[in-house]
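One structure below.
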Amino acid sequence: DIADSHLSGELHISNLGLWSLIPDTIFLNLKELIDDGIDLKGKCPDVTRVSSPKTLDDLRKLLPMIFNLVSKESSQEIVIDDLTTVLGKFSKNTDDIEKMLVDVFTMSSTSTSLDKSPTILSFRIPLSGDKKLINTIFSAYNTFVKSTPAPKIGLVIDYEKGKVIDHSEILAQTVSLGGNITFSKGMCSTNAIKNLNKTPEPSIKLGSLTINLPRLALESSKDETYFRARLVLLMKPAIAAMATRKKDVSDLIRRGVNPILAEKTQFMQKNNTSIVLNFVGLKEAVHKILGHKEDKEGKEILNKVLETAVDIAHKKGQEMGIDVSIAMVDSDDLTRFVTLDSEKYGKNSIMDVLEGDLYSQGLELNSSELGKLTAKSEIITDYNKISKILDGGILVKLPFDPKAKELDIQKAIEKASSLISSFKPIK
């Protein structure tokens with residue numbers, strides 16, 4: 001059923017070839033990964049065994065090896081926690097740390113890609129730590145980004161307990177160099193998939209399934225209740241398919257397809273895996289196709305659609321004993337939806353709905369208008385409402401003009417961090 005829905009364009013499965021083999025997004029703790037060096041207990045006999053690191057130089061050799069190995073174990077992103085604490089233990093000399101990190105980033109950038117889009121390796125940097133050390137990490141990342149046109153190493157800046165303003169100058173530089181960074185309160189991936197798990201245990205998110213809301217709206221002849229019913233009908237088999245996938249992936253991890261996950265982490269005991277369904281084209285579906293204006297009433301309906309979805313996800317998840325959440329983040333290959341919908345409903349009816357070439361993913365903020373906004377501005381309260389409803393995460397993009405000056409980027413980052421709980425600046 002799910003394969004049929006994928007082919008007809010009701011939903012989209014990313015990374016088809018890897019869907020039942022490996023997880024999508026993994027959250028790991030660096031301390032666990034490097035504690036015993038590399039010793040995979042009989043797995044991967046072709047990988048050199050390395051003892052646990054004692055000096056910064058040992059770390060320089062070990063980290064790229066670990067990162068290259070672990071990025072084969074996920075199809076979208078590996079988020080690594082605790083980089084600052086680990087570095088702080090090995091050395092107090094920030095110049096040495098910076099040199100070492102540039103080397104580590106450079107060598108890790110050669111990891112093999114399993115699909116056409118590479119697996120992103122990102123580091124969560126909480127701003128509550130040692131400011132000097134944090135700036136050293138940012139500075140090393142900037143050096144790396146300068147010579148990497150499209151970096152697949154990213155940073156997640158966690159400003160839950162720290163202030164963005166302390167580091168905004170160097171971070172504005174990162175954005176203007178084209179670095180891949182996301183700001184968030186709490187832990188998430190660079191694609192804004194939330195990890196609500198407060199413990200350092202590894203956790204896995206199985207996503208890669210995107211539901212095409214404009215198609216459901218077109219099929220429900222402008223009736224919003226019928227639209228929500230159709231959404232529920234599509235979500236049930238989708239969640240069941242993801243549950244089967246979860247079982248398959250866990251079995252493969254147990255059998256050692258993912259040696260690092262199986263050997264290095266407490267994953268087998270805890271098995272902390274949750275499922276994330278992604279929505280695309282919510283605005284088009286509610287405002288353009290179902291015809292609800294972008295006023296208070298229209299926005300209430302939009303929130304109602306999301307609340308229904310989250311509700312069903314939780315109920316269905318409880319029945320199956322898994323954690324299911326809903327997100328609005330970026331997905332690959334969305335041209336497929338637009339092409340298939342145009343073929344089915346005529347090009348003109350789809351062109352009237354689109355603002356660009358694709359359906360909208362997540363939300364977007366206009367960086368030039370940020371200055372005028374306050375916490376009570378309508379757009380900000382709307383965004384915060386939606387991000388409260390969506391427990392899987394929401395990607396709020398903050399696009400900048402290619403000619404944007406660093407000072408403007410700095411002001412925009414500071415302002416956005418005071419208004420919303422996560423955003424991704426893009427230049």
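The values are calculated or read from the model by the stated rules, or taken from the named source; none is laboratory data. All values derive from a computational prediction rather than experimental measurement. Positions of Cβ are backbone-derived with ideal geometry, glycine not excepted, and every protein chain shown enters the neighbour counts. Keep in mind that these areas ignore ligands, DNA and RNA; they rest on the heavy atoms of the full protein, side chains included. Shrake-Rupley method; radii C 1.70, N 1.55, O 1.52, S 1.80 Å.
If packing is taken as the mean number of other Cβ atoms within 10 Å per residue, what is the order of 354-361, 185-192, 78-85, 43-50, highest first?
Ranked by mean Cβ neighbours within 10 Å, highest first: 185-192, 78-85, 354-361, 43-50.
Put simply, the C-alpha atoms of the chain give a gyration tensor, and the ellipsoid matching it has half-axes of 36, 27, 18 Å, longest first. Once the 1.4 Å probe is applied to the protein heavy atoms, the range 1-112 comes out at 43 Å² accessible per residue. When the pairs 92/205; 385/411; 43/99; 161/246; 185/427 are compared against a 26 Å limit on Cα-Cα distance, 92/205; 43/99; 161/246 fall above it. Here residue 347 is the anchor, and the lysines within straight C-alpha reach of less than 26 Å, apart from those fewer than 8 places off in the same chain, are 222, 283, 288, 293. When the alpha-carbon atoms of the range 236-348 are used, the pair Rg, Dmax equals 18.6, 54 angstrom. Eigenvalues of the alpha-carbon gyration tensor of the range 301-375, scaled by 5 and square-rooted, set the equivalent ellipsoid semi-axes at 28, 24, 12 angstrom, largest first.
Label the range 155-272 by shape, choosing from rounded, prolate and oblate, from the square roots a ≥ b ≥ c of the eigenvalues of the Cα gyration tensor; if a/c is under 1.5 it is rounded, and otherwise prolate applies when a/b is larger than b/c, oblate when it is not.
On the way: a/c = 2.60, a/b = 1.19, b/c = 2.18.
Cα axes put the range 155-272 in the oblate bin.
Full extension of the segment from residue 294 to residue 352, taken as 0.36 nm per residue of separation minus the current Cα-Cα distance, would add 19.3 nm. On the basis of the beta-carbon distance and an R0 of 41 Å, residue 345 and residue 147 show a calculated FRET efficiency of 0.30. Restricting the calculation to alpha carbons of the range 1-66 gives Rg and Dmax of 18.8, 55 angstrom. In the chain, carbon and sulfur make up what percent of the accessible area (probe 1.4 Å)? Exposed carbon and sulfur together represent 51 percent of the surface. Straight-line cross-link reach from residue 131 at under 19 Å between alpha-carbon atoms covers these aspartates and glutamates, not counting any fewer than eight positions away in the same chain: 81, 82, 95, 96, 98, 158, 160, 166, 169, 414.
Separation of the range 106-170 and the range 377-403, taken as the distance between their Cα centroids, equals 21 angstrom. In this structure the range 279-427 gives 50 Å² per residue of accessible area when probed at 1.4 Å with all protein chains present.
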